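Following: one structure in structure tokens, then a few remarks.
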Amino acid sequence: MSAILDKAAVTTEEDPSNLTDGFHLVIDALKANDIDTIFGLIGIPITDLARLAQAEGMRFISFRHEQHAGNAAAIAGYMTQKPGICLTVSAPGFLNGLTALANATTNCFPMILISGSSEREIVDLQQGDYEEMDQVNAARPYAKASYRINKAEDIGIGVARAIRAAVSGRPGGVYLDLPAKLLSQTMDAAQGKKSMVRVVDPVPRQIPAPDAVNRAIDLLKGAKRPLILLGKGAAYAQSDAEIRAFVEKTGIPYLPMSMAKGLLPDTHAQSASACRSFVLAESDVVMIVGARLNWLLSHGKGKTWGGPKQFIQVDISPTEPDSNVAIAAPVIGDIGSCMSALLAGIASGFSKPSTEWTGAIAERKEKNMAKMAATLAKNPSPMSYHSALRAIRDVLKAHPDINLVNEGANALDFTRSIVDQYQPRKRFDSGTWGIMGIGMGYSIGAAVVSGLPVVAIEGDSAFGFSGMELETVCRYQLPITTVIFNNNGIYKGCDPNLNPNKPDVAVTAFVKGARYDKMIEAFGGVGYHVTTPDELAQALTKAIAAGKPALINAVIDEAAGTESGRLTNLNPKKGAAKN
Ligand code: ADP
Ligand code: TZD
Ligand code: MG
């Protein structure tokens, strides 16, 4: 046990029991703000900080790679509106965590990456310190804010500043740099206690302007073919009742973005998910709630969006409207306050959309769903994405509160469209970047924060980015079932090497018939190897019931996927040039 855990071991001329140090002050500052969990990976200079956190009653979830600790922190932030905390060592550990910090910022998830750093004097003169790096500046472009605390007496205010920066307004990632020297600095314990800051109202309500609300309602009232688009900002806002009331009282059809699935149950009569292209193209007024018109929505223009349209945008960020197309009615504020104001605005009367519009949607929906049902009913061998997902969908129907983590290309696209969500903030996926590697980090974060089971549906490539964290899953005995959609590679496992004279396999191909189920067995978890939908359903049912670490290796037809999944249009193809 380290000396730092023993306050009396801090030696000084004065009475040592009256002293505290940077280590204790950091933990006290986090605890003062009800932060009870740290995700991280230890080493110089933060090992004792992690030990102390544990000793002082916090949970420290210790990972095998910082990126996954960072992803766990980010998803914890998204689920709770409190910043998730990731703790790493200097330079390489910090950089490993930085991908997660940047991903959190991109997705508007609140998190704080805290890294230890080396001697300022040596780093700044570039004299070659152990793990030397100017971390504050390296983090700045990828974070909402980047701070360094240099004095023990500033730890309280520094941590408060980081928390407020992460969760207020549009949430995002914050970097907090703790030099080694700061951690061992001592100060009077009573003064230290006084320097602690509990952040008052860290997520302040932001009430929209009444004229902005009226403008939006007027536009909606004049619409012939209105549509509501719900994004993950709407899920994050935890204003589920207001959003549902607004959707149901107006009778306007809605489309959830992938992580907004479940905000209203996917089986809701007003969901237009089954005819997404139709409603995007045909709508005349679109109200966007907590979503951005980025690439995921074709930037609000082009063929996807069909004829002329007017947009209402409900968002906390005043600079989001007009980022891609003109927004006729921006409503700026937090979604809870905005939806309440909009609800009040329609209280005096709102005519539901015409049956011409809702009927056309219902007709298309029915047709598309019948077509999908026929595809899902097939039982090819080896399994297709569809037959495997039919089995998973049916099992998960009985577990509406399960956390679903999802990444891959085809494994992501098909799961999103086939597996229904019934509750808000239960689907966590590759998000705004389409990033691979969030699988085990998000799963661990979701399991730790919710105490509920997680099912991670992973492409075999996607899983590889974080696969070593299976050991972490097993070490903490988390109720996580990982399902690998094993098609022997990226997008497809059967592509040829275009050069017939070289022995290497194609750039997309992996070892054929890999047994990922054996990986989890190495750490004491339960592995399943399945080749049919029935076997998959049985294994998943058993694994969820057991509530213990499990991995199901589901063999999928290696020819079933398409390159880049749904994103074929973004993938530049070589032209006429030979090879
Ligand atoms: P999606 O990927 O689901 O389309 P995005 O991440 O692109 O969603 O958009 C989320 C949006 O939600 C961001 O523009 C962000 O500013 C906004 N947002 C986040 N939290 C809130 C909140 N509490 N109130 C209002 N808007 C929010
Ligand atoms: N690296 C990172 C960090 N993110 C990425 N998105 C990619 C690489 C590129 N990429 C995708 O966009 S999807 C994907 C990669 C490597 C993996 C697809 O293969 P999979 O899924 O096995 O996970 P399917 O089911 O075979 O399509
Ligand atoms: Mg694959």
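The values are calculated or read from the model by the stated rules, or taken from the named source; none is laboratory data. Because the structure is a prediction, the values reported are computed rather than measured. Cβ: placed from backbone, ideal geometry, glycine included. Neighbour counts: every protein chain shown. Please note that ligands, DNA and RNA were not included when accessible areas were found on the heavy atoms of the full protein model with its side chains. Shrake-Rupley method; radii C 1.70, N 1.55, O 1.52, S 1.80 Å.
How about segment 488-533: which of its residues are more than 13 Å from ligand 3 (Cβ to nearest atom), open to solvent by less than 50 Å² (accessible area, probe 1.4 Å) and not in a loop (DSSP other than H, G, I, E, B)?
517, 520, 527, 528, 530, 533
In segment 407-438, which residues are among the polar types (S, T, N, Q), over 10 Å from the mean Cα position of the chain (by Cα) and either within 14 Å of ligand 1 (Cβ to nearest atom) or open to solvent by 10 Å² or more (accessible area, probe 1.4 Å) (or both)?
417, 421, 423 - these are the residues of segment 407-438 that are among the polar types (S, T, N, Q), over 10 Å from the mean Cα position of the chain (by Cα) and either within 14 Å of ligand 1 (Cβ to nearest atom) or open to solvent by 10 Å² or more (accessible area, probe 1.4 Å) (or both).
Give, as residue ranges, the strands (runs of 3 or more DSSP E) completely inside segment 178-283 that count at least 2 residues that are over 30 Å from residue 115 (Cα atoms), within 16 Å of ligand 1 (Cβ to nearest atom) and in contact (Cβ under 8 Å) with a residue 24 or more places away in the chain.
226-230, 254-256
Under 7 Å by Cβ, and 6 or more places apart or on different chains, what pairs join a residue from segment 462-481 that is charged (D, E, K, R) with one that is open to solvent by less than 40 Å² (accessible area, probe 1.4 Å)?
Final answer for the pair search is 469/63; 469/68; 469/440; 469/441; 469/444.
What tally of residues in segment 37-93 results from selecting those that are surrounded by fewer than 24 Cβ atoms within 10 Å (Cβ to Cβ), of a type in the set (D, E, K, R) and part of a helix (DSSP H, G or I)?
Going through segment 37-93 one residue at a time, the tally reaches 2.
Which residue is farthest from ligand 2 (Cβ to nearest atom), if the candidates are limited to segment 549-559 and must be of a type in the set (A, V, I, L, M, F, W, C) and touching a strand residue (DSSP E or B) at 6+ places or on another chain (Cβ under 8 Å)?
550
Helices (runs of 4 or more DSSP H) wholly in segment 403-484 with at least 1 residues that are among the hydroxyl-bearing types (Ser, Thr, Tyr) and closer than 23 Å to residue 62 by Cα - which ones?
The helices (runs of 4 or more DSSP H) meeting that bar are 439-450, 470-475.
Table: residues versus (1) open to solvent by 40 Å² or more (accessible area, probe 1.4 Å); (2) in contact with a strand residue (DSSP E or B) (Cβ under 7 Å, 6 or more places away or on another chain).
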site: 234; (1), (2): no, yes
site: 295; (1), (2): yes, no
site: 311; (1), (2): no, yes
site: 317; (1), (2): no, no
site: 324; (1), (2): yes, no
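Looking at (1) within 16 Å of ligand 2 (Cβ to nearest atom); (2) farther than 17 Å from residue 39 by Cα; (3) open to solvent by 30 Å² or more (accessible area, probe 1.4 Å), which is the only condition residue 462 fails?
Of (1) within 16 Å of ligand 2 (Cβ to nearest atom); (2) farther than 17 Å from residue 39 by Cα; (3) open to solvent by 30 Å² or more (accessible area, probe 1.4 Å), only one is false for residue 462: (3).
Based on this model, can you work out whether residue 452 counts as touching a residue at least 40 places away in the same chain (Cβ under 8 Å), surrounded by fewer than 18 Cβ atoms within 10 Å (Cβ to Cβ) and closer than 20 Å to residue 426 by Cβ?
Yes: the conditions hold for residue 452.
Output the number of residues of segment 193-249 satisfying the condition of being under 22 Å from residue 311 (Cα atoms), under 24 Å from the mean Cα position of the chain (by Cα) and of a type in the set (A, V, I, L, M, F, W, C).
Qualifying residue count for the region: 7.
For residue 178, state whether it is surrounded by 18 or more Cβ atoms within 10 Å (Cβ to Cβ) and closer than 18 Å to residue 246 by Cα.
The answer is no for residue 178.
Can you tell me how many residues within segment 468-487 are within 16 Å of ligand 2 (Cβ to nearest atom) and surrounded by fewer than 22 Cβ atoms within 10 Å (Cβ to Cβ)?
Matching residues across segment 468-487 total 1.
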